[in-house]
Amino acid sequence: MNVNSTNLSVVIPVYNSFQTLEMMYNQIDALCRKHQWNYEIIFVDDYSNKETLNVLQNLNFSHPDNIRVIRFAKNFGQNSATLCGIAHAKGDYIVTIDDDLDYPVEQIYFLYQKILESKSDLVYGVIPSRNIIKKLGKSIVGFFLSKIDGQFSSIGSSFRLMTKDLADKIAIHSRDHVFVNQVAAWYTHDVSSITIQRNVAGVTRSGYSLFRLCKIGMRLIVFYSSVPLKITMFLSFLISLISFFIGAYYLYIKLRVGAPLGYTSTIVSILFGTGVTLFGVGVMAAYINRIYDMRIKKPTYSIKNDV
């Protein structure tokens, strides 16, 4: 595909970032003019302050052909704003980028080059973290999602470029409380990444503290995946099986060797009762997991139209 024919949609979730918005527009405009891309910028305002809204309105008034502003009625969070922007994007490729200039705008070109070379559906721009705790936490969450929930092992980042086909599939979930990277992992494993350096020109600090990142990780595991249900099912069936075997063992000892009066009956009753109860919990968890899959509209298959 000729790079000059690219139609690019840039989705920017916005929250109280009036200092960086005009600078972001100028950098995106310069990049797209340099590579002769037809582009649109979708600012999704997550109910920011008046200063931010004024800047967005002025930008929209000055550049109506390239800018679209969507304002939320209240604060729904960055992920919801990103999903909204993806659902409204019209480009052949959709890039999402934070509003704080943490990610260098010029790196969009390298994301695009990577997606063409690798024929991927999605490319992440990843900044290596120097914080050992953050790296460890990301690895733990990635392990749970990949090994237990069957999702792609990389959590990725908020700086990403995807094809229109994948974006349309993600947009189906715009009304569900799920994470963009999580939904993308449901539809494709054709995912690549490039390593980028943090933008030293960024003028705002990231709003994601260590505590907030931990909170997001827990929410991702507990509320937006079936990991807890699957762990519950596994442990319930395992412990019930062990309880049945131990109960059978004590019954065997009673019949062959003998035991104090009442001892065996008490132990066997407790173990078999526990086994039946936990087996029932496991069955209930299986049904709840099924309901969960139906609720979040997790696809049963995904077709890639590039063959």
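Checking Ile94, Ile86, Ile28 one by one, the residue that is in contact (Cβ under 8 Å) with a residue 24 or more places away in the chain, touching a strand residue (DSSP E or B) at 6+ places or on another chain (Cβ under 8 Å) and more than 19 Å from His173 (Cα to Cα) is Ile28 and no other.
Of the residues that make up the stretch 69-80, is at least one hydroxyl-bearing (Ser, Thr, Tyr), in contact with a helix residue (DSSP H, G or I) (Cβ under 9 Å, 6 or more places away or on another chain) and either surrounded by 15 or more Cβ atoms within 10 Å (Cβ to Cβ) or farther than 23 Å from Met162 by Cβ (or both)? It would help to see each step written out before you state the result.
First, the residues of the stretch 69-80 that are hydroxyl-bearing (Ser, Thr, Tyr): 80.
Then keep just the ones that are in contact with a helix residue (DSSP H, G or I) (Cβ under 9 Å, 6 or more places away or on another chain); that gives none.
Checked against the condition, which is being hydroxyl-bearing (Ser, Thr, Tyr), in contact with a helix residue (DSSP H, G or I) (Cβ under 9 Å, 6 or more places away or on another chain) and either surrounded by 15 or more Cβ atoms within 10 Å (Cβ to Cβ) or farther than 23 Å from Met162 by Cβ (or both), the stretch 69-80 yields no hits at all.
Residues of the stretch 49-65 that are surrounded by fewer than 21 Cβ atoms within 10 Å (Cβ to Cβ) and among the hydroxyl-bearing types (Ser, Thr, Tyr): Ser62 alone. Among the residues of the stretch 1-21, the one identified as in a helix (DSSP H, G or I) and at pLDDT 95 or above is Leu21. Condition test on Asp190, is it among the charged types (D, E, K, R), modelled with pLDDT of 90 or more and either within 12 Å of the chain's Cα centre (by Cα) or more than 19 Å from Glu117 (Cα to Cα) (or both)? So Asp190 fails the test. May I ask you to verify whether Gly273 is outside any loop (DSSP other than H, G, I, E, B), buried (at least 16 other Cβ atoms within 10 Å of the Cβ) and at pLDDT 75 or above? Judged against the criteria, Gly273 is not a match.
The values are calculated or read from the model by the stated rules, or taken from the named source; none is laboratory data. Small disclaimer: the values here were computed from a predicted structure and weren't measured. FYI the Cβ positions are ideal-geometry reconstructions off the backbone, even for glycines, and counts take in every protein chain you see.
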